[in-house]
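No lab work stands behind these numbers, since they all come straight from the coordinates. What you see is a predicted model; the values in this text were computed from it and never measured. Here Cβ is always computed from backbone atoms with ideal geometry, including for glycine, and neighbour counts include all displayed protein chains.
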Amino acid sequence: MDDRRKAPRILVQFNITMSFYGGQTAGEGHLLNLSLGGAALRSDKPLTKGDFLTLRIFPPGWAKPIAIESAVVRWVEGRDFGLEFLKVQPAEAERLRRVLSPLVELIPADERARVAEITKREEQTREKEKEIKEEEKKKEVDWFG
């Protein structure tokens, strides 16, 4: 989870394929942004918060896709989905670093700091929304006894 806060999200348009954890094909889509710890993607295939997936990321010009062994859907907004990477083999993590490294260097330092701050605020907002929903559920339980 820390990676999401520390690693900058890089805007990309890489194609992906995804499967539900265990092998059932979930579909195709494309990444909207990518970091070492997660990604946002868009797909016409319905996903649900909490779904576990495996991903294959296809950076342009790369012969072999980058394999993400396990990711979980953290948020859903229409056709857009936020993923947290849970398990990435070391060789695949290095390939992910290699694809991201030159892209990060293209971002000016002040912009990287701004993106990191926005990412942090978005995470804080999601956490606050989660707390509010949990409190509302507790009130419903208390009310109906």
Quiz item: If you average the sequence gap of Cα pairs under 8 Å that are 6 or more apart and divide by the length of segment 24-110, what percent do you get for the contact order?
Solution: 25 percent
Quiz item: Using modelled backbone amide H atoms (1.01 Å from N, in-plane), which distant-in-sequence or interchain residues come within less than 5 Å of Gly38's amide H?
Solution: Phe85
Quiz prompt | Distance violations [Cα-Cα > 23 Å] among Lys45/Lys138; Lys64/Lys120; Lys49/Lys120 | solution = Lys45/Lys138; Lys64/Lys120
Exercise. Please identify every one of the trypsin sites (Lys or Arg not before Pro) in segment 4-79 that sits in a loop by DSSP and has no more than 12 other beta carbons within 10 Å of its own beta carbon.
Key: Lys49
